[in-house]
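Quick notes on the structure that follows.
Just so you know, all these numbers are worked out from the coordinates, no wet-lab data involved. Because the structure is a prediction, the values reported are computed rather than measured. As a convention, Cβ positions derive from the backbone with ideal geometry for all residues, glycine included, and neighbour counts pool all protein chains shown.
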Amino acid sequence: MPYKDKPIEKLYYSIGEVADMFEVNVSLLRFWEKEFDILKPKKNKKGNRMFTAKDLDNLKIIYHLVKERGYTLEGAKKKLKENKEDTINNIEIVNRLKDIRQFLVELKEEL
């Protein structure tokens, strides 16, 4: 997953920072904002989108479904409406397994 784990230290992230975290275009984030109800970044007086930690979590879910699992937008929307908690649990399990695999690969290289 191209998402770069970055410790959350700010309250708000600009759309450019979020696009860099997920390695996607800014326009894709704007499009997903229109398509998915769970994604609602705040906007300042200028109209700039400011993403919170909750928005980043929702983006991780959307990214996982659309980019990694290959769901269509309609399929991802349906999956989120039907069973969001199950989807979140699956993402956490996959991420933990990836971490374990990475650890084992590093351990093997050291031996």
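Considering only residues that are in a helix (DSSP H, G or I) and either without any contact (Cβ under 8 Å) to a residue 12 or more places away in the chain or in contact with a His (Cβ under 9 Å, 6 or more places away or on another chain) (or both), which ones fall in the range 31-62? 31, 34, 54, 57 - these are the residues of the range 31-62 that are in a helix (DSSP H, G or I) and either without any contact (Cβ under 8 Å) to a residue 12 or more places away in the chain or in contact with a His (Cβ under 9 Å, 6 or more places away or on another chain) (or both). Residues in the range 21-30 that are in contact (Cβ under 8 Å) with a residue 12 or more places away in the chain and assigned to a helix (DSSP H, G or I): 21, 22, 29, 30. Residue check: residue 107 meets all listed conditions (1) loosely packed, with under 10 Cβ neighbours inside 10 Å; (2) hydrophobic (A, V, I, L, M, F, W, C); (3) not in a helix (DSSP H, G or I) but one, namely (3).
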